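The values are calculated or read from the model by the stated rules, or taken from the named source; none is laboratory data. On a predicted model such as this, the values are computed, not experimentally measured, just so you know. For neighbour counting, all protein chains shown are included, and Cβ atoms are generated from backbone atoms with ideal geometry for every residue, glycine included. Ligands, DNA and RNA are stripped out before the accessible areas are found, and what is left, the full protein with its side chains, is counted by its heavy atoms. Shrake-Rupley method; radii C 1.70, N 1.55, O 1.52, S 1.80 Å.
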Amino acid sequence: MANAESEPDLFPAAREPPPRALTRLSPMMRRIVAPNASPLTFNGTCTYIVGEGAVAIVDPGPDDDSHLSALLSAIEGEQLETILVTHTHRDHSGGANKLRAATGARLVGAAPFMPRVDGMGGLDASHDRDYSPDAILADGERLHGSGYSIEAVATPGHCSNHLCFALLEEGALFSGDHVMAWSTSIVAPPDGSMRAYMASLEKLRRRDEKIYWPGHGGPVLEPQRYLRALIHHRRQREASILTALADGAQTIPALVAKVYTGLSPTLTGAAGLSTLAHLEDLRERGLVVAEAPDGGAARFRLAERRGPFSDKLA
Ligand SMILES: [Zn+2]
């Protein structure tokens, strides 16, 4: 799922929706886009087929019978060895159980979703509670298939169980919802964490994959340049939030109104979640203090201590 707020406008061509039909991407890779277009999923979830003859599928996509039959016909005459899941949002893992039942493949990847708080609101409600993998892949763990090798790269942030998968033979990375060319990721607490997300962007900066294949939209062709832009974008947003706090905005709606000028009213919910994610990160770093009066909305203010930000913003 993506964030609809403004993003670094680096590669406009990458914003084109990819073709929905089975498409050959590389000697080892094919893609089908699921029919679940929405403002958060672009033109649908990308399902990738890796290898030839004996294959793996990365992100089976939503629980949708037409997508399942499209996948089964795409691999007709081949053996599906492994189903890999980047994370447990339903638009990625929802179709996994039926695809496993139809093929006998092993389902591996992200850990099942563990809610941190009672009751689930917001984006946490879109986690797939029926997902039950045969094995969970740990960070750095490698899976060797028939002619392909995949390494799991733990990348929490968009959600806590998010994995990217490196296809070692091609120097390619399946980047899930962590890094997408068409939009920035949505990072929504409590399961999403801005602090973890930023650390996961930095983690990819230390790797050398040359192309990313995301969970939605077309490829990221210059990943290192794009990662730098994403990190810069979030730091700018953080600076705007600190400025708005210094100007006296205290609640999420007041901060959103100051930080996201000209935002369409349909996007204020997403902007509010993203703002909350930044505020939690700032609070963990001791830069912001939160107060939640009984029954009232949480209020935020700059921490009363001298630091690099309070000096600048005083
Ligand atoms: Zn997602």
Apply the Karplus parameterisation 6.51 cos²θ - 1.76 cosθ + 1.60, with θ equal to phi minus 60°, to every residue of segment 23-34 and state each ³J(HN,Hα) to the nearest whole Hz, in sequence, with x for glycine and proline.
10, 7, 9, 6, x, 10, 9, 10, 9, 10, 9, 6
Averaging over all projection directions, find the projected area of the Cα convex hull of segment 148-217 and quote it in nm² with one decimal place.
4.3
Can you divide the C-alpha Rg of segment 201-266 by 2.2 N^0.38 Å and report the result to two decimal places?
1.48
Considering only segment 50-145, what is the antiparallel percent among its DSSP beta bridges, to the nearest 5?
15
Work out the FRET efficiency for GLU52 and ALA257 from their Cβ-Cβ distance, taking R0 = 35 Å, and round it to the nearest 0.05.
0.05
Relative compactness, segment 189-302, computed as alpha-carbon Rg over 2.2 N^0.38 Å
1.20
Given the peptides 178-186, 234-242, 287-295, arrange them by the average over their residues of other C-beta atoms within 10 Å, most packed first.
178-186, 234-242, 287-295
List the extent of the Cα atoms of segment 126-256 along each of their three principal axes, largest first, rounded to whole Å.
59, 36, 23
Length gain on complete extension for the stretch GLN236 to ALA138, per 0.36 nm per residue less the alpha carbon to alpha carbon distance?
32.0 nm
Could you tell me how many degrees, from 0 to 90 and to the nearest 10, lie between the Cα long axis of helix 194-205 and the main elongation axis, the longest principal axis, of the Cα atoms of the chain?
50
As I understand it, the value is the acute angle between the Cα axis of helix 65-74 and the longest principal axis of the Cα atoms of the chain; what does it come to in degrees, rounded to 10?
50
Using +1 at the Cβ of each Lys and Arg and -1 at the Cβ of each Asp and Glu in segment 87-197, identify which of GLY147, ALA111, TRP182 lies farthest towards the dipole's positive end.
ALA111
Solvent-accessible heavy-atom area per residue, rounded to whole Å², over the chain at 1.4 Å
42
For segment 65-120: rounded, prolate or oblate by the Cα gyration tensor [a/c cutoff 1.5]:
prolate
Excluding ligands, DNA and RNA, the carbon-plus-sulfur percentage of the accessible area of the chain with a 1.4 Å probe reads 54
Given bins 20 angstrom wide, list per bin the percent of all Cα-Cα distances in the chain, short to long.
34, 54, 12, 0
Based on the mean of other beta carbon atoms within 10 Å per residue, what is the order of 40-47, 94-101, most packed first?
40-47, 94-101
Tally the DSSP beta bridges in the chain and give the antiparallel ones as a percent, rounded to 5.
65
So, by mean Cβ neighbours within 10 angstrom, what's the order for 86-93, 164-171 with the highest one leading?
86-93, 164-171
Report, in degrees rounded to the nearest 10, the 0 to 90 angle that the Cα long axis of helix 268-284 makes with the longest principal axis of the chain.
70
